[in-house]
Amino acid sequence: KFFFSTDSLVPKCMAQFCDEVIERRMNIQWQGELRFETAFTDELLKKMAEAGCRNLIFGFESANQRILDLMEKGTNLTNTLRILQTCARLGIGVNLQSFIGFPTESSEEAWETARFFLDHRTLLESISFGYFQLEKRTDVFQRPEVYDVEVLVDPDAHFHLFYPYNVRRGMSPEEVIDLYKAIKKV
């Protein structure tokens, strides 16, 4: 058993790896992290299951398409659902990495993510759920005006893991934490 320790497995490389594992009749089990890319077709996912894939971790982030587009994820919920259904059918466990409170996100948009988890819980092995925190080397930190964010400390300050911020629209950081706590109770 092993884990591919990379941010995102590349579909073409996965296909080549799986072909080798199947051809050599290797009896292995593995897991890894992916993005919801259209190149992960039903056929490729089937090949991955045959080659020993037992669990996949996806950077899901949000069930709201506007938020996904703002994050520049390059994913859509139709493809996401297709991949989740295929994984469930093939016996591949799925963990979704997600958070609420991305700048400009409304509470209604955040609840879409919580409802997605509830509505599709039979397709999910687990979820990892948190809330947005502003980090220095992110696009939001580097271009706060694009996300209607105001960084509240000197951006050149050192040794901060997360930076305090205000938003011009969407949920405030305090509202995000309150909503996060409410969703965790569901």
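Hey, could you check the stretch 43-62 for residues that are within 13 Å of the chain's Cα centre (by Cα) and open to solvent by less than 10 Å² (accessible area, probe 1.4 Å) and say which is nearest to THR113 (Cα to Cα)?
Looking at the filtered set, the residue picked out is SER62.
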Run GLU125 past the list (1) within 18 Å of MET71 (Cβ to Cβ); (2) touching a residue at least 60 places away in the same chain (Cβ under 8 Å) and report the number of the one that doesn't hold. (1)
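Report, by residue number, each residue of the stretch 112-134 that is closer than 30 Å to TYR163 by Cα and open to solvent by 70 Å² or more (accessible area, probe 1.4 Å).
Hits for the stretch 112-134 are ARG115, ILE127, TYR131, GLN133.
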Report whether or not LEU68 is outside any strand (DSSP E or B), among the aliphatic types (A, V, I, L, M) and either in contact (Cβ under 8 Å) with a residue 12 or more places away in the chain or farther than 24 Å from PHE40 by Cα (or both). no
Looking at the stretch 89-104 only, could you name the residues that are crowded, with 20+ Cβ neighbours inside 10 Å and either in a helix (DSSP H, G or I) or more than 16 Å from the chain's Cα centre (by Cα) (or both)? ILE92, PRO103
Among the residues of the stretch 109-125, write down those that are out of contact with any Gly (no Cβ under 8 Å at 6 or more places or on another chain) and either of a type in the set (S, T, N, Q) or within 10 Å of LEU96 (Cα to Cα) (or both). THR113, PHE117, THR122, LEU124
Expected output for the stretch 20-35 (first residue farther than 18 Å from LEU84 by Cα, partner in a loop (DSSP other than H, G, I, E, B) and open to solvent by 80 Å² or more (accessible area, probe 1.4 Å), Cβ below 6 Å, 6+ apart or cross-chain) is GLN29/LYS1
Within the stretch 13-42, considering residues that are β-branched (Val, Ile, Thr) and either open to solvent by less than 80 Å² (accessible area, probe 1.4 Å) or outside any loop (DSSP other than H, G, I, E, B) (or both), the one farthest from GLY59 (Cα to Cα): ILE22
Go through (1) crowded, with 20+ Cβ neighbours inside 10 Å; (2) more than 13 Å from the chain's Cα centre (by Cα); (3) at pLDDT below 95 for VAL10 and report which single condition fails. (1)
Failed criterion for MET171 (all others in (1) surrounded by 17 or more Cβ atoms within 10 Å (Cβ to Cβ); (2) among the hydrophobic types (A, V, I, L, M, F, W, C); (3) within 30 Å of GLY91 (Cβ to Cβ) hold): (3)
Residues being more than 20 Å from VAL176 (Cα to Cα) and open to solvent by less than 40 Å² (accessible area, probe 1.4 Å): count how many of those fall in the stretch 135-152. 0
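The values are calculated or read from the model by the stated rules, or taken from the named source; none is laboratory data. Nothing here was measured: the structure is a model prediction, and the numbers come from that model. Backbone-built Cβ (ideal geometry, glycine too); neighbour counts: all protein chains shown. The accessibility values were calculated without ligands, DNA or RNA, using every heavy atom of the protein model including side chains. Shrake-Rupley method; radii C 1.70, N 1.55, O 1.52, S 1.80 Å.
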